[in-house]
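Worksheet for the structure shown next.
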């Protein structure tokens with residue numbers, strides 16, 4: 001359908017500005033099927049209705065929560081049927097919380113390993129390291145405990 005009543009419609013630039021994204025982002029979402037194809041003027045310029053603002057705000061909010069575009073597309077498909085998207089959203093969000101928990105555990109272990117490496121560093125008078133390690137051979141840890149070489153990453 002062609003439209004020429006531009007005062008009722010938003011250009012891609014105005015839509016993007018209203019939502020706080022770039023015009024390229026709006027076009028990308030349209031190509032990816034997240035945003036319905038825009039109406040076109042007789043000159044083939046895109047014109048978006050007011051519902052596009054709400055849809056883009058939903059997409060951006062879901063992205064801030066860490067949802068992937070494919071997941072957002074699923075939620076939008078449910079939302080477009082008029083059915084509440086809470087049930088599928090709950091499952092997605094629970095999975096993301098589990099992913100975040102796993103990543104936090106991984107980062108905590110990494111932090112612990114790095115702190116351990118730091119405590120075993122000899123400081124400014126560091127001799128040459130043993131081959132394949134960060135530290136010299138038989139370097140005691142900072143607390144005077146057992147000797148340990150730290151492998152290179």
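The values are calculated or read from the model by the stated rules, or taken from the named source; none is laboratory data. Every value quoted in this text rests on a predicted model; they were computed, and no experiment measured them. Note that each Cβ is placed from the backbone with ideal geometry, even for glycine, and that neighbours are counted across all protein chains shown.
Checking each residue in the range 73-106 for being more than 17 Å from the chain's Cα centre (by Cα) and exposed (fewer than 15 other Cβ atoms within 10 Å of the Cβ) picks out 77, 80, 81, 82, 83, 84, 86, 87, 90, 91, 105, 106. As for the range 115-138, it holds at least one residue that is assigned to a helix (DSSP H, G or I), modelled with pLDDT of 90 or more and either within 30 Å of residue 20 (Cβ to Cβ) or out of contact with any strand residue (DSSP E or B) (no Cβ under 9 Å at 6 or more places or on another chain) (or both).
Regarding the range 84-91, can at least one residue be identified that is free of Cβ contacts under 8 Å to residues at least 12 places away in the same chain, closer than 30 Å to residue 32 by Cβ and part of a loop (DSSP other than H, G, I, E, B)? Yes, that holds for at least one residue.
Looking only at the range 27-44, which residues are surrounded by 15 or more Cβ atoms within 10 Å (Cβ to Cβ) and assigned to a loop (DSSP other than H, G, I, E, B)? 34, 35, 36, 38, 41 - these are the residues of the range 27-44 that are surrounded by 15 or more Cβ atoms within 10 Å (Cβ to Cβ) and assigned to a loop (DSSP other than H, G, I, E, B). Output yes when any residue across the range 58-68 is in contact (Cβ under 8 Å) with a residue 24 or more places away in the chain and closer than 19 Å to residue 10 by Cβ, and no when none is. Checking the range 58-68: at least one residue is in contact (Cβ under 8 Å) with a residue 24 or more places away in the chain and closer than 19 Å to residue 10 by Cβ. Does residue 67 count as assigned to a helix (DSSP H, G or I) and either within 25 Å of residue 30 (Cα to Cα) or over 17 Å from the mean Cα position of the chain (by Cα) (or both)? Spelling it out, it is not the case that residue 67 is assigned to a helix (DSSP H, G or I) and either within 25 Å of residue 30 (Cα to Cα) or over 17 Å from the mean Cα position of the chain (by Cα) (or both).
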